[in-house]
Amino acid sequence: MLIAGNWKMYKGPGATREFFRAFDPPDGVESVLCPPFGSLGAAVASGHTIFAQNVHWADEGAFTGEVSTLILLELGVKGAIVGHSERRQYFGETDETVRMRTAHALEAGLRVIACVGELEEERERGETEAVLTRQVSVLRTHESLVVAYEPVWAIGTGRTATPEIAQEAHALIKSLLDVPVLYGGSVKPENAEQLLAQPDVDGALVGGASLDVESFTAVCETAARLSRS
Ligand code: PEP
């Protein structure tokens, strides 16, 4: 199982070093942390597996505010999140830019967590399957690709998808693409077990609860225990 922590725009280098001084993940689960760009160097120095929160599709160029695969690889970063719903909602990310970012990162040798997920109104209108199918259709099966199913209404809201909703969406995604699928959306130590126990849930993308080393470690421990059983 893979448990990834998305720190969003939290934790500078000092707080990053503090987190890693205390972080001792259990065996039997792969843990990845995704700090903001300015803290990547401090995070990589910890020796843990580190992903960025985004990556551009060009090797270099006049793309202010973006970061390239070459820069990430030179820093020792192993992968990147692509297409997070906050990127789609606030920064104009589209299925096409997600396709370009993902394809280039995989080609460059980075791993990718590509995020998909429906808005609340899309679920209410019965469009979840169509939205997920459209978002997944720009991706191709690859050994370094993982998809994260993150229903937008469950991100940072404290509302979690029921295990049944997560399982149904994961099964759909896996019928379209042969890759591991993580669940994301208010995962925390109290609800991790029931979500991770679903047959098509291969791990979690954890936002808020990954900022606290004890909470994130507890989610990793639940995953490790379930992997052993
Ligand atoms: C996320 O940032 O990908 C996420 C799922 O956030 P949260 O766990 O805070 O809902």
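The values are calculated or read from the model by the stated rules, or taken from the named source; none is laboratory data. Keep in mind the model is a prediction, meaning the values are calculated, not measured. When we count neighbours, we look across all protein chains shown, and the Cβ atoms used for this are built from the backbone with ideal geometry, even at glycine. Surface areas here come from the heavy atoms of the whole protein model, side chains and all, with no ligands, DNA or RNA. Shrake-Rupley method; radii C 1.70, N 1.55, O 1.52, S 1.80 Å.
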Query raised in the report: Quick check: is even one residue across the stretch 87-101 among the small types (G, A, S), open to solvent by less than 60 Å² (accessible area, probe 1.4 Å), away from the ligand (no atom under 16 Å from the Cβ) and closer than 16 Å to N54 by Cβ?
Result: yes
Query raised in the report: What are the residues in the stretch 146-164 that are surrounded by fewer than 18 Cβ atoms within 10 Å (Cβ to Cβ) and either within 14 Å of the ligand (Cβ to nearest atom) or among the aliphatic types (A, V, I, L, M) (or both), if any?
Result: G156, T157, G158, R159
Report summary line: Requiring at least 2 residues that are over 14 Å from K8 (Cα atoms), the strands (runs of 3 or more DSSP E) wholly within the stretch 25-111 are 30-34
Report task. Considering every residue within the stretch 64-76, establish whether at least one is open to solvent by less than 70 Å² (accessible area, probe 1.4 Å), modelled with pLDDT of 95 or more, within 16 Å of the ligand (Cβ to nearest atom) and out of contact with any His (no Cβ under 7 Å at 6 or more places or on another chain). Result -> no
Report task. Could you please let me know if E60 is touching a helix residue (DSSP H, G or I) at 6+ places or on another chain (Cβ under 6 Å) and open to solvent by 50 Å² or more (accessible area, probe 1.4 Å)? Result -> no
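Working carefully through the options Q167, Q194, find the one that is more than 16 Å from the chain's Cα centre (by Cα) and closer than 28 Å to D24 by Cβ. Before the answer, list the steps.
Working: Q167 fails: closer than 28 Å to D24 by Cβ.
Answer to the selection: Q194.
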Requested in this report: Would you tally the residues in the stretch 199-214 being crowded, with 19+ Cβ neighbours inside 10 Å and more than 10 Å from the ligand (Cβ to nearest atom)?
Outcome: 3
Report task. Take L195 and decide whether it is more than 20 Å from I81 (Cα to Cα), within 14 Å of the ligand (Cβ to nearest atom) and open to solvent by less than 10 Å² (accessible area, probe 1.4 Å). Result -> yes
Query raised in the report: Could you say which residue among E129, E143 is within 22 Å of L196 (Cα to Cα), away from the ligand (no atom under 16 Å from the Cβ), open to solvent by 70 Å² or more (accessible area, probe 1.4 Å) and assigned to a helix (DSSP H, G or I)?
Result: E129
Query - Filter pass, E122 being farther than 30 Å from S68 by Cα, without any contact (Cβ under 8 Å) to a residue 24 or more places away in the chain and part of a helix (DSSP H, G or I) - result: yes
